[in-house]
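Every number here is computed from the coordinates shown, using simple stated rules; none is lab data. The model shown is predicted, which means the values in this text are computed figures rather than measured ones. Glycine also receives a Cβ, built like all others from the backbone with ideal geometry; neighbour counts cover every protein chain displayed.
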Amino acid sequence: MVQSLQGIGMTSLRTRERMIKRLAEQGITNSKVLEVMRDTPRHIFVDEALASRAYEDVALPIGYNQTISQPYIVAKMTELLIKSTHRHLKKVLEIGTGCGYQTAVLAQLADHVYSMERILPLQRKAKSYLWDLRLKNISFMYGDGSLGWADYAPFEGILVSAAPAEVPDALLKQLAISGVLVIPVGMAGRQVLQRITRVSEDSYDIEQFDPVIFVPFLSGKE
């Protein structure tokens, strides 16, 4: 397992360094985000047949009609989440555990990550990867992400890895005052990345960023 985590050839630290250089050239400036992504072995989160492509700037299939986002999108969403948060990220809610890569990045930047996934086999695989990395500050829920995780609200940060047509009201309500929600919003072909900051009990500031392509946000469980 040590060799697998360290990587060789196209999964080596040198390859990761090239990814970090590319991210910086693409406009990612947060040094903490770049450091964490350099040190997190993305190749263990994809099938072995795709490991040699793990550090390319592409989304890759992880099964069940889901994907692991391209490194730039992971970096951009993470940077948007932590850059404008005026308080320390104690609790982050992640909607869409997927393969667990974004979860691993968040877990190294927040005190605790609460990660929800609606596809049980994906959640089980993600747990095993994250256990291999010895990341213990993560709680998992198999459930409907549109409902959020009210038991642990409010959250200083919420990150969503699928695109709803409209932002779920439950997620807005579970955001702490001055907390940040990063989410792709829109129908297929018209999605845009948004950062929503809760200004007060009943008001939110909405910023729009890159056009993106995400799987649709679905309710329920599989």
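The table for this structure:
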| quantity | calculated |
| --- | --- |
| Spacing of the two label points (7 Å from each Cα toward its C-beta) at D169 and F209, in nm | 2.8 |
| Helix axis angle, 13-25 relative to the chain longest principal axis, alpha carbon, degrees | 40 |
| Degrees, to the nearest 10: 71-83 long Cα axis against longest axis of the chain | 40 |
| Cross-link partners of K136 among aspartates and glutamates (Cα-Cα below 19 Å; sequence separation of 8 or more within a chain) | D39, E94, D111, E117 |
| Furthest towards positive pole of dipole, G145, Q174, S115, structure part the chain, Cβ charges | S115 |
| Placed amide H near L60: partners under 5 Å, 5+ positions off or other chain | I68 |
| Cα-based helix-to-principal-axis angle, 120-132 vs the chain, degrees rounded to 10 | 60 |
| Long-range HN-HN contacts of Q191 with modeled amide H, under 5 Å | V212 |
| Residue of Y129, Y64, Y204 that the Gaussian network model of the chain assigns the largest fluctuation, springs spanning Cα pairs under 10 Å | Y64 |
| Greater than 30 Å apart at Cα, pairs in K90/K127; K90/K221; K21/K173; K91/K127 | K21/K173 |
| Förster-model FRET efficiency, 25 Å R0, R14 and E48, C-beta, rounded to 0.05 | 0.80 |
| Over the chain: helical MRE at 222 nm, DSSP H runs n ≥ 4 each giving -39500 (n - 2.57), nearest 500 | -8500 deg cm²/dmol |
| Magnitude of the charge dipole, the chain, Cβ model with Lys/Arg +1 and Asp/Glu -1, debye to 20 | 580 |
| Distant-in-sequence amide H partners of I158 (H built 1.01 Å from N, under 5 Å) | L93, V180, L181, V182 |
| P(r), alpha carbons of the chain - 10 Å bins starting at zero, rounded % | 8, 36, 40, 14, 1, 0 |
| Positive dipole terminus of the chain, leading residue within Q208, S12, A75 (C-beta point charges) | S12 |
